[in-house]
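Asks: So that we are looking at the same thing, I have put the structure below in structure tokens.
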Amino acid sequence: MRNKTRVPEIRIGLEDESFITEQESQNLKTCAQNLMAIGKALQTYKKEHGDFPEWLSELYPKYLTNPDVLICPADEDQGVPILPYDTDPNLPVSYNYDYDPEYYQQWLKHERNVYADANPIVRCPHYANPDSDSTLVSNLYLNLSFSNNVYLSDAFWHKHPIKMYGSLQAAIAGYERALQLVPEDPNFFDLYSEMIRLYVIADRSEDAENLIDNFKSIMKPHSEDIMRFRDYFTLLEMLRACNKHQEALQLCENLERTEQKNPWLKSLYREFAVTHEELGNIELADTYFDKYE
């Protein structure tokens, strides 16, 4: 039997208080220390050069005196990346570093402004997610944010605002600010569903109701098919987060009647399945999961 312990400094906190081995705990601690050292080096580099380096290896040897800091202790391949375009040209590097100047100018700078630097600059993907059966979230990521904080998430870091900002109240303030900046930008519509979850946790039902009304007012029900369904799926997620499962089911049924020619109709079956599952209609949920699959 594995000797298990909890991680005191970095809590997994995805679905439950998951137990991990002592070795995994030590790997996480060492990895977090590596990321903090990388973060300090990045900030010093930026202060001297006016921008971040193109590759993490550029931090060595002036800003990082030990190249081993670029290797995660849980990385069995010792810095050999899965995807060729992630290959650092100078040193083995375990960590994902997506700081591309062209990409930064087009998107990342905007994203940083929206999330107030809580979004990641460096990510470590070398830990299995004990809470997931899905290949989409099969890994945990240890993230180093632009604001130099380290937090653990699954692949979708923006779905963990409490970890991103450090507390429930800070997360609410951070995402309220973000929504004020991009209230009608579909690239950030996930903010609405995550904001609803934060309000539910904080027992702010009136704010949650108002947010649903606000989202309904900016939806574009007459746009092209994919965009229309995207907005409806966001609304369904918000309704379920507020335990409005009957209203979510009615919306699903209405879409099934009115969107027969929509090529995204099949994706609606998953929404039916999840909603019936929340309502305790297990047989109907299984039926719709079968249709979806």
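Yes or no, residue by residue, for (1) surrounded by 11 or more Cβ atoms within 10 Å (Cβ to Cβ); (2) within 16 Å of VAL150 (Cβ to Cβ); (3) modelled with pLDDT of 95 or more:
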| position | (1), (2), (3) |
| --- | --- |
| GLU22 | yes, no, no |
| ILE38 | yes, yes, yes |
| GLU48 | no, no, yes |
| LEU59 | yes, no, yes |
| LEU70 | yes, yes, yes |
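Per-residue answers, yes or no, for (1) surrounded by 15 or more Cβ atoms within 10 Å (Cβ to Cβ); (2) in contact with a Cys (Cβ under 6 Å, 6 or more places away or on another chain):
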position	(1), (2)
ARG257	no, no
PHE272	yes, yes
ASN281	yes, no
ASP286	no, no
GLU293	no, no
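Asks: Can you tell me which residue in the range 168-187 is farthest from the chain's Cα centre (by Cα), limited to those that are part of a helix (DSSP H, G or I) and at pLDDT below 95?
Replies: If we take residues in the range 168-187 being part of a helix (DSSP H, G or I) and at pLDDT below 95, then PRO186 is farthest from the chain's Cα centre (by Cα).
Asks: Suppose the filter is more than 26 Å from LYS109 (Cα to Cα), in a helix (DSSP H, G or I) and either in contact (Cβ under 8 Å) with a residue 12 or more places away in the chain or in contact with a strand residue (DSSP E or B) (Cβ under 7 Å, 6 or more places away or on another chain) (or both); does LEU211 pass it?
Replies: Against the criterion (more than 26 Å from LYS109 (Cα to Cα), in a helix (DSSP H, G or I) and either in contact (Cβ under 8 Å) with a residue 12 or more places away in the chain or in contact with a strand residue (DSSP E or B) (Cβ under 7 Å, 6 or more places away or on another chain) (or both)), LEU211 qualifies.
Asks: Of the residues that sit in the range 266-288 and are modelled with pLDDT under 90 and of a type in the set (Ser, Thr, Tyr), which one is nearest to ARG230 (Cα to Cα)?
Replies: Per the criteria, the residue is SER267.
Asks: OK, next. Among the residues of the range 125-145, write down those that are modelled with pLDDT of 95 or more and not aliphatic (A, V, I, L, M).
Replies: ASN143, SER145
The values are calculated or read from the model by the stated rules, or taken from the named source; none is laboratory data. All figures in this text were calculated on a predicted structure; none of them were measured in a lab. Because the Cβ atoms are built from the backbone with ideal geometry, glycine has one as well, and the counts that use them run over all protein chains shown.
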